[in-house]
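Worksheet: the structure to be examined is printed underneath.
The values are calculated or read from the model by the stated rules, or taken from the named source; none is laboratory data. Just so you know, these numbers come straight off a predicted model, no measurement behind them. Positions of Cβ are generated from backbone atoms using ideal geometry, with glycine treated the same way; all protein chains shown enter the neighbour counts.
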């Protein structure tokens, strides 16, 4: 017997009332929470605003402290600079007078308007006041020379050399050159060069090397200095790793002249060859030889322009030498410079120190002799070298240039691809020099036939179309049996969908066939164009590469002796009197 | 020897004797004569006596003049064999990288090292390619 449970309808009104009250309470609570949220938001805004004010205050305070610090630094610098200047004046004031006097004597002698007695008296006076400065005996020597007092000139010269061999040697070399005493100037210059460290040369020396190469110091200067340069090169070559470094330096310098291909060259290879980058690099490398040949021929072609401006530059060097600070003055000069920069930067010590460092770096920049001649040969515009020193530098570095060029050439030749791959759409092929055109054309033709067949085979009706056809047929028959127009329409729609799918399929097949017909028509043309470019590329490469040996022969014809120039400066006639 | 020292040594000009020996590589009879191959390998060791055996060339690749179809021939030092290759044939992977250079008319042969190539001209001058 089944048990029946009868549940009478419960009276839920009390519960419903309670729930409604609870709902109202929750509503009130939500409102309160909302209010608290708003308050928190307001508070947060206030905190944020306070934070901003505090940040601004901190920034203002920091700026104030900074400004105060700068003002103090400025004040300190202004006071200190006076002290340092006074101290400097006391210590080295006479040095400045000596410099001014030397400069004046050089100018006056050029013009021939001051008597040698006056020069002699003033020079001797200065000698008594500056006991350590090399320029004082230098000055005495100059004035003794002008007064034809050889013993005094020699004595003063020895003292100057004792005080600062480096500067004194250069000074006497430049003075003798100015007086057109070629033999003396050459000997002094060689002495000056022999005192230098070939791996740590001043950048300014390029002017002197340039002057030597241009014949400003005469034939004697050229041959004596060339001998010194040879000694340097020999000395440098004996240092470990030097030869490798020099060869790499020249390789880089030569490679920097590599020309780029025009954007319209080899359009098909760019598009259809997967290793175009390699072809591009090889071709650029082969064109380098012609560019280098033109570059070096240009260096050695034509007359060397007059060296008058170079002679002026050498004279400027003399002016600079006699007006330059002595090494004793340097620490105090640096202090003075920093203080001047602090004043100029309105108390900003960091910016002032930065400026000081830049100046110091520029003054202390050094380079090796080989770096100097590499730059003079390959980048004369940057190195500030003339065509004469370009010739000289190339002639001196010939063996390195040949070695670097040989390495570059061999590297380029080793990188030339034997097989050149071609990729047109989904077809891949390769050729060496377009010799297999017929084979590739056949390959691409059969590839498209196979691809088309593969694609066509994938274009089939989906099972749902067949389901629609069968179900549509059954529903139509059933609709006709029951005379139900609705079922007939539904059934016919199913059959119609099948035929629509079939029509679309045919359309897709036609599209695929058209696409492959296009490919069959265009791809052989593209392939032929690519192969033609491969042939051109090989010819182009071979033509460029053949220049390598021409250039090698050309390098062989360059000799140092041949390219030490024959142009001479007449010196200053006034000093010859 | 350090790497730089080996490089400096390998860059040095090859002797006329060595060049002469290497040009005999092309004589077809060597392929069948193990003594001739041994003599060629000994010539390499004599030419570079300072270089330890593990740093000696792993092979030599030269242009081949056996016929129109032949491109290069190789001496595999470790395998002790000489082989002539047609244009269509691939070289062993380590020697293949010297093929373009060896085919070039300016070089007589190329010494193949593990990490470099040295192309040798008929006058013994060398070009070094770091790879």
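Of note:
- Test: residue in the stretch B:3-22 that is out of contact with any strand residue (DSSP E or B) (no Cβ under 7 Å at 6 or more places or on another chain), within 14 Å of chain A (Cβ to nearest Cβ), surrounded by 16 or more Cβ atoms within 10 Å (Cβ to Cβ) and modelled with pLDDT of 85 or more: yes
- Qualifying residue in the stretch A:324-331 (condition: at pLDDT 80 or above and in a helix (DSSP H, G or I)): yes
- Conditions (1) more than 8 Å from every other protein chain (Cβ to nearest Cβ); (2) under 23 Å from residue A:399 (Cα atoms); (3) touching a helix residue (DSSP H, G or I) at 6+ places or on another chain (Cβ under 8 Å); (4) surrounded by 16 or more Cβ atoms within 10 Å (Cβ to Cβ); number of the one not met by residue B:112: (2)
- Matching option when the condition is surrounded by 17 or more Cβ atoms within 10 Å (Cβ to Cβ), in contact with a strand residue (DSSP E or B) (Cβ under 8 Å, 6 or more places away or on another chain) and modelled with pLDDT of 90 or more, among A:523, A:443: A:523
- Of the residues making up the stretch A:412-440, those that are in contact (Cβ under 8 Å) with a residue 24 or more places away in the chain and in contact with a strand residue (DSSP E or B) (Cβ under 6 Å, 6 or more places away or on another chain) number 6.
- Test: residue in the stretch A:243-262 that is buried (at least 16 other Cβ atoms within 10 Å of the Cβ), over 28 Å from the mean Cα position of the chain (by Cα) and part of a helix (DSSP H, G or I): no
- Checklist (1) touching a helix residue (DSSP H, G or I) at 6+ places or on another chain (Cβ under 8 Å); (2) more than 14 Å from chain A (Cβ to nearest Cβ); (3) within 29 Å of residue A:246 (Cα to Cα) applied to residue B:54, failing item: (1)
- Qualifying positions in the stretch A:146-174 - closer than 20 Å to residue A:315 by Cβ and crowded, with 24+ Cβ neighbours inside 10 Å: A:160, A:168, A:171, A:172, A:173, A:174
- For the stretch B:115-131, a residue qualifies if it is surrounded by 17 or more Cβ atoms within 10 Å (Cβ to Cβ) and either in contact with a helix residue (DSSP H, G or I) (Cβ under 6 Å, 6 or more places away or on another chain) or closer than 19 Å to residue B:56 by Cβ (or both), and the qualifying residues are B:117, B:118, B:119, B:120, B:126, B:127, B:128, B:129.
- All positions within the stretch B:80-102 that are more than 8 Å from every other protein chain (Cβ to nearest Cβ) and under 21 Å from residue A:547 (Cα atoms): B:102
- Filter result (surrounded by 17 or more Cβ atoms within 10 Å (Cβ to Cβ) and within 30 Å of residue A:208 (Cα to Cα)) within the stretch A:318-353: A:318, A:321, A:322, A:326, A:329
Listed here are the residues, each with its yes/no results for (1) more than 39 Å from the chain's Cα centre (by Cα); (2) assigned to a helix (DSSP H, G or I); (3) under 30 Å from residue A:382 (Cβ atoms); (4) modelled with pLDDT of 85 or more.
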| residue | (1), (2), (3), (4) |
| --- | --- |
| A:93 | yes, yes, no, no |
| A:100 | yes, yes, no, no |
| A:121 | yes, yes, no, no |
| A:133 | yes, no, no, no |
| A:151 | yes, yes, no, yes |
| A:155 | yes, yes, no, yes |
| A:170 | no, yes, yes, yes |
| A:184 | yes, yes, no, yes |
| A:191 | no, yes, yes, yes |
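- Scanning the stretch B:65-79 for residues that are away from every other protein chain (no Cβ under 14 Å) and crowded, with 16+ Cβ neighbours inside 10 Å yields B:70, B:73, B:74, B:75, B:76, B:77.
- Hey, residue A:495 surrounded by 13 or more Cβ atoms within 10 Å (Cβ to Cβ) and within 30 Å of residue B:100 (Cα to Cα) or not: no
- Close Cβ contacts (under 9 Å, 6 or more residues apart or on different chains) running from residues in the stretch A:536-548 that are touching a residue at least 40 places away in the same chain (Cβ under 8 Å) and within 11 Å of chain B (Cβ to nearest Cβ) to residues that are part of a helix (DSSP H, G or I) and surrounded by fewer than 17 Cβ atoms within 10 Å (Cβ to Cβ) are absent.
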